[in-house]
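Trainee: Take this structure first; my questions come after.
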Amino acid sequence: MTAASQSWEQRESGSFFHTFSDLPSLSEDGPVVVERGEGAYIVDTGGRRYFEGNSGLWNMTLGFSEQRLAEVAARQYAELPGYHTFFGRNSKPSIALAEKMLALAPVPMSRAFFTNSGSEANESVVKLLWMMWAFEGQPRRRKFLTRKNAYHGATVMAASLTAKDYNRAFGLPLPEIVVLDCPHAYRYAAPGESDDEFCARLAANLEATIQAEDPETIAGMFAEPVMGAGGVIVPPKNYFRHIQPILRRHGIPLVADEVICGFGRTGSLWGTETVAMQPDIMVASKSMSAGYFPMGAVMLSEDIDRRAKAAAEALEEFPHGFTTGGHPVGCAVSLEAIRIITEEGVVDNIRDVGAVLQSGLEQLAEHPMVGEARGVGLMGALEMVADKRSKTPFAGHLRIGERIAKAARERGFIIRPLGSSVVLAPPFISTTSEMEALIGTLREILDLVHASARKEAA
């Protein structure tokens with residue numbers, strides 16, 4: 001049988017090696033091959049239309065048919081279709097985007113450079129800090145602090161910073177990684193412990209860990225304002241106020257991974273504003289181009305910029321970069337995406353529609369299968385439990401998250417399963433009626449899956 005005589009789904013199954021996919025579900029249900037996009041919706045090869053409740057991978061924040069971004073890309077392709085930022089060369093869109101990013105930064109930032117993804121941006125920060133510390137006569141500062149359930153990317157060092165069990169398959173993390181507590185009060189607070197007491201305990205653990213590792217071996221700490229792929233973990237209100245003074249006292253730079261939160265997801269332009277974070281370095285990606293071009297960014301504070309520049313000058317260069325980092329088309333697209341987000345009421349819409357989403361999630365928290373409903377802005381999660389009082393999760397073989405996601409897909413909604421949880425991150429252009437429909441569908445699905453799971457467990 002020739003490829004032309006097969007369906008796209010058959011061709012996909014015979015040729016494509018899937019990443020981050022539940023393989024039993026893929027084997028049972030087959031792939032969804034997307035043909036086109038319409039606003040917040042995708043349409044598959046069979047003509048079925050789905051509301052994309054996860055914005056693709058958090059990134060298609062302005063939907064799938066924003067023609068102004070396509071037109072900007074076409075104009076830039078016609079003028080300068082590609083270039084690089086090596087050897088002192090650059091393009092106008094890259095310079096303009098650096099200026100715009102610095103102007104919008106929530107805390108003073110001095111300089112920016114670009115990569116092709118959040119993973120590459122985080123990897124770049126690691127190398128930059130290693131170079132800086134070595135130049136300053138502290139080559140032992142090689143370790144990085146991260147947090148359990150964090151997600152910082154898929155390249156080797158970024159995956160090491162991603163403190164999830166699946167990375168053991170690759171022999172990770174690398175020895176330079178030190179894993180701290182996850183700031184998820186629902187799961188990790190002691191009985192009767194207030195949010196502030198929980199934060200104080202995590203801060204005390206941070207201090208003890210730094211002392212045990214030796215402060216002069218630690219190069220930096222990476223932290224997402226809200227942990228996205230970890231399950232939308234919103235830290236308690238004063239979490240960063242507790243930990244930042246400890247890092248400053250030991251001279252440990254704080255890196256804000258804004259890959260998911262940046263440019264509006266939390267209801268503020270930056271997640272750091274939502275959680276009162278004061279980083280030394282910021283990393284962005286995803287929403288900066290609304291997913292229309294692979295882009296990542298690193299922004300450096302004046303202090304880090306000065307120190308890193310001195311180290312690079314001693315080497316006569318910063319010996320790091322990517323062929324297509326600062327791509328003129330990607331930078332032009334990002335400039336327009338950022339303009340739309342910041343000038344056309346998109347952040348206001350995130351707040352308004354996000355309030356509907358968060359209210360709906362709070363209502364679903366009353367469901368007997370939901371242990372915790374959590375979120376902020378246009379991101380949220382439902383964590384399913386077999387017993388609400390003990391917070392006991394469902395047995396893994398029941399694949400509760402996958403079952404909920406499959407039932408949602410059958411009803412025209414794409415949501416993300418994550419173990420026994422499901423994660424929601426709708427596009428920034430979503431409407432109130434779409435959120436109400438999503439919540440209503442989830443309520444129906446929870447009843448069905450709960451009844452089915454109870455029957456299987458009996």
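Trainee: Are any residues in region 134-149 buried (at least 22 other Cβ atoms within 10 Å of the Cβ) and among the hydrophobic types (A, V, I, L, M, F, W, C), and if so, which ones?
Mentor: Answer for region 134-149, where residues must be buried (at least 22 other Cβ atoms within 10 Å of the Cβ) and among the hydrophobic types (A, V, I, L, M, F, W, C): Phe144, Leu145.
Trainee: Could you check, for region 325-332, whether at least one of its residues is touching a Lys or Arg at 6+ places or on another chain (Cβ under 9 Å), more than 23 Å from Ser55 (Cα to Cα) and small (Gly, Ala, Ser)?
Mentor: Of all residues in region 325-332, those touching a Lys or Arg at 6+ places or on another chain (Cβ under 9 Å) come to 328, 331-332.
After this cut, where a residue has to be more than 23 Å from Ser55 (Cα to Cα) as well, the list is 328.
Cutting the leftovers down to small (Gly, Ala, Ser) gives us none.
No; the residues of region 325-332 include none that is touching a Lys or Arg at 6+ places or on another chain (Cβ under 9 Å), more than 23 Å from Ser55 (Cα to Cα) and small (Gly, Ala, Ser).
Trainee: Look at Ser55 and say whether it is in contact with a Pro (Cβ under 7 Å, 6 or more places away or on another chain), of a type outside the set (Lys, Arg) and touching a residue at least 40 places away in the same chain (Cβ under 8 Å).
Mentor: yes
Trainee: Further question on the same structure: I'm trying to understand the selection: among the residues of region 306-322, which are over 10 Å from Leu128 (Cβ atoms) and of a type outside the set (Gly, Ala, Ser)?
Mentor: Correct list: Arg306, Lys309, Glu313, Leu315, Glu316, Glu317, Pro319, Phe322.
Trainee: Is it the case, given these coordinates, that Gly37 is crowded, with 16+ Cβ neighbours inside 10 Å, part of a helix (DSSP H, G or I) and in the same structural domain as Ala425 (by TED's automatic domain parsing)?
Mentor: Considered against the rule, which asks whether it is crowded, with 16+ Cβ neighbours inside 10 Å, part of a helix (DSSP H, G or I) and in the same structural domain as Ala425 (by TED's automatic domain parsing), Gly37 comes out as no.
Trainee: While we're on this one: For the structure I just gave you, tell me whether Arg265 is charged (D, E, K, R), crowded, with 24+ Cβ neighbours inside 10 Å and at negative phi. Working first, answer last.
Mentor: Working: charged (D, E, K, R): yes; crowded, with 24+ Cβ neighbours inside 10 Å: yes; at negative phi: yes.
Yes: the conditions hold for Arg265.
Trainee: Among all residue pairs at least 6 apart or on different chains, which show Cβ distances below 8 Å where the first residue, located in region 23-42, is closer than 21 Å to Ala425 by Cα and the second is basic (Lys, Arg)?
Mentor: Val32/Arg409; Glu38/Arg49; Tyr41/Arg49; Ile42/Arg36; Ile42/Arg49
Trainee: Would you be able to tell me the number of residues in region 47-63 that are on the phi < 0 side of the Ramachandran plot and surrounded by fewer than 22 Cβ atoms within 10 Å (Cβ to Cβ)? Spell out how you get there, then give the answer.
Mentor: To start, the set of residues in region 47-63 that are on the phi < 0 side of the Ramachandran plot comprises 48-54, 57, 59-62.
Okay, now just the ones that are also surrounded by fewer than 22 Cβ atoms within 10 Å (Cβ to Cβ), so 48-50, 54, 57.
Final tally of qualifying residues: 5.
Trainee: Moving on to the next point. Give me a count of the residues in region 225-275 that are part of a loop (DSSP other than H, G, I, E, B) and under 24 Å from Ser119 (Cα atoms). Before you say what the answer is, go through the steps one by one.
Mentor: As a first pass, look at region 225-275 and keep what is part of a loop (DSSP other than H, G, I, E, B): 225-226, 228-232, 234-238, 250-253, 258-270.
Within this subset, residues satisfying the condition of being under 24 Å from Ser119 (Cα atoms) are 225-226, 228-232, 234-235, 252-253, 258-270.
The qualifying residues number 24.
Trainee: As an exercise: evaluate Gly419 against (1) within 23 Å of the chain's Cα centre (by Cα); (2) buried (at least 19 other Cβ atoms within 10 Å of the Cβ) and give the number of the one condition it does not meet.
Mentor: (2)
Trainee: Any residue at all in region 364-372 that is farther than 30 Å from Ala78 by Cα and either assigned by TED's automatic domain parsing to the domain that holds Gly88 or in a helix (DSSP H, G or I) (or both)?
Mentor: yes
Trainee: Let me ask something additional. Which condition from (1) of a type in the set (Gly, Ala, Ser); (2) over 26 Å from Ser285 (Cα atoms); (3) touching a residue at least 24 places away in the same chain (Cβ under 8 Å) is the one that Gly153 breaks?
Mentor: (2)
Trainee: Considering each of Phe198, Phe240 in turn, give the residue that is farther than 16 Å from Pro279 by Cβ, buried (at least 22 other Cβ atoms within 10 Å of the Cβ) and not polar (S, T, N, Q).
Mentor: Of Phe198, Phe240, the one residue that is farther than 16 Å from Pro279 by Cβ, buried (at least 22 other Cβ atoms within 10 Å of the Cβ) and not polar (S, T, N, Q) is Phe198.
Trainee: Also, I was wondering about something else. Mind checking which pairs have a first residue in region 167-180 that is assigned to a helix (DSSP H, G or I) and a second that is of a type in the set (Ser, Thr, Tyr) and surrounded by fewer than 16 Cβ atoms within 10 Å (Cβ to Cβ), Cβ under 6 Å, 6 or more apart or different chains?
Mentor: Correct list of pairs: empty, since none qualify.
Trainee: Being of a type in the set (Phe, Trp, Tyr) and surrounded by fewer than 24 Cβ atoms within 10 Å (Cβ to Cβ) is the filter here; which residues of region 101-132 pass it?
Mentor: Filtering region 101-132 for residues of a type in the set (Phe, Trp, Tyr) gives 113-114, 130.
Hits for region 101-132 are Phe113, Trp130.
Trainee: When you look at Phe263, is it more than 23 Å from Leu357 (Cβ to Cβ) and of a type in the set (Phe, Trp, Tyr), yes or no? Steps first, please.
Mentor: Numbers: more than 23 Å from Leu357 (Cβ to Cβ): no; of a type in the set (Phe, Trp, Tyr): yes.
Here the answer is no, as Phe263 does not meet what is asked.
Trainee: Looking at this structure, is Ile304 crowded, with 20+ Cβ neighbours inside 10 Å, β-branched (Val, Ile, Thr) and within 16 Å of Ala98 (Cβ to Cβ)?
Mentor: yes
Trainee: Let me ask something else about it. Restricting attention to region 1-32, which residues are among the aliphatic types (A, V, I, L, M) and surrounded by 15 or more Cβ atoms within 10 Å (Cβ to Cβ)?
Mentor: Val32
Trainee: Do any strands (runs of 3 or more DSSP E) entirely within region 47-162 hold 1 or more residues that are in the same structural domain as Thr274 (by TED's automatic domain parsing) and closer than 24 Å to Gly380 by Cβ, and if so, which?
Mentor: 143-147
The values are calculated or read from the model by the stated rules, or taken from the named source; none is laboratory data. Since this is a predicted model, take the numbers as computed values, not measurements. FYI the Cβ positions are ideal-geometry reconstructions off the backbone, even for glycines, and counts take in every protein chain you see.
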